[in-house]
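Take a look at the structure set out below.
The values are calculated or read from the model by the stated rules, or taken from the named source; none is laboratory data. This structure is a prediction, so every number in the text was calculated from the model and none was measured. Counting neighbours? That spans all protein chains shown, and the Cβs are built from the backbone with ideal geometry, glycine included. Side chains included, ligands, DNA and RNA excluded: accessible areas come from the protein's heavy atoms. Shrake-Rupley method; radii C 1.70, N 1.55, O 1.52, S 1.80 Å.
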Amino acid sequence: MGNNNGFGPGNNFGNFPRNIVAQPRVIASGGRLAITVEGCRGGGTASSRAFRTTFLSPFNGNNDIARGVATINNGARPGSYDIRVDCNGRTLTRPDAFTVLGGVHGGLGGASSSGATPTDVAIGGGLVSSAVLGGGVFWLRRRHEKRI
């Protein structure tokens with residue numbers, strides 16, 4: 001019976017996808033994820049629940065490494081995601097390859113809420129109260145100085 005683990009005679013270990021690397025490991029929805037795979041001769045595809053199937057191409061003329069860039073879906077929920085790679089009909093899955101963060105909206109400094117929160121109102125109210133109190137003390141002192 002033949003050995004089909006890639007180590008037997010006539011098999012080339014380089015024809016098996018291995019070592020899937022996703023960068024960055026933590027990413028916001030809508031971000032771009034670089035995927036690098038060793039043992040993916042001629043390229044292949046990478047897929048995940050967080051992004052559309054992405055093509056992998058040989059990297060810098062190196063037949064053993066393939067690379068691709070995936071864009072994380074805007075609707076991707078926060079959490080860890082697997083990446084499944086298919087190279088020449090051979091597949092490999094890397095569990096928890098990357099993590100999607102939630103609640104980040106560009107243009108708002110990373111704020112995920114809309115409108116003022118109770119904390120914002122309390123801080124603003126404290127600042128206004130301090131300004132009124134400080135102004136009152138200043139006014140009373142100025143008024144007192146004119147009498148002397």
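Check which residues have an amide H placed less than 5 Å from G31's amide H, if you skip close sequence neighbours.
Here the answer is I72, since their amide H atoms fall under 5 Å of that of G31.
Quote the accessible area belonging to L56 in square angstrom, nearest 10, computed with a 1.4 Å probe and with ligands, DNA and RNA left uncounted.
Per-residue accessible area (L56): approximately 10 Å².
Name the residues whose placed amide hydrogens come within less than 5 Å of the amide hydrogen of F98, ignoring near sequence neighbours (fewer than 5 apart) on the same chain.
Residues meeting the criterion, in which the H sits 1.01 Å from N, are Y81.
Give me the net charge of T54's neighbourhood, meaning all other residues with Cβ under 15 Å from the Cβ of T54; Lys, Arg count +1, Asp, Glu -1.
Cβ neighbours under 15 Å give a net charge of +4.
Around I65, with a cut-off of 11 angstrom between Cβ atoms, what is the net charge of the other residues, counting Lys and Arg +1 and Asp and Glu -1?
+1
Under 10 Å from the Cβ of I35, count the other residues' Cβ atoms, weight Lys and Arg +1, Asp and Glu -1, and hand me the total.
+2
Looking at region 22-81, which trypsin sites (Lys or Arg not before Pro) are in a loop (DSSP not H, G, I, E or B) and have at most 15 other Cβ atoms within 10 Å? The partial results should precede the final answer.
Numbers: sites: R25, R32, R41, R49, R52, R67; in loops: R25, R41, R49.
Taking region 22-81 and a limit of 15 other Cβ atoms within 10 Å, the loop trypsin sites (Lys or Arg not before Pro) found are R25, R49.
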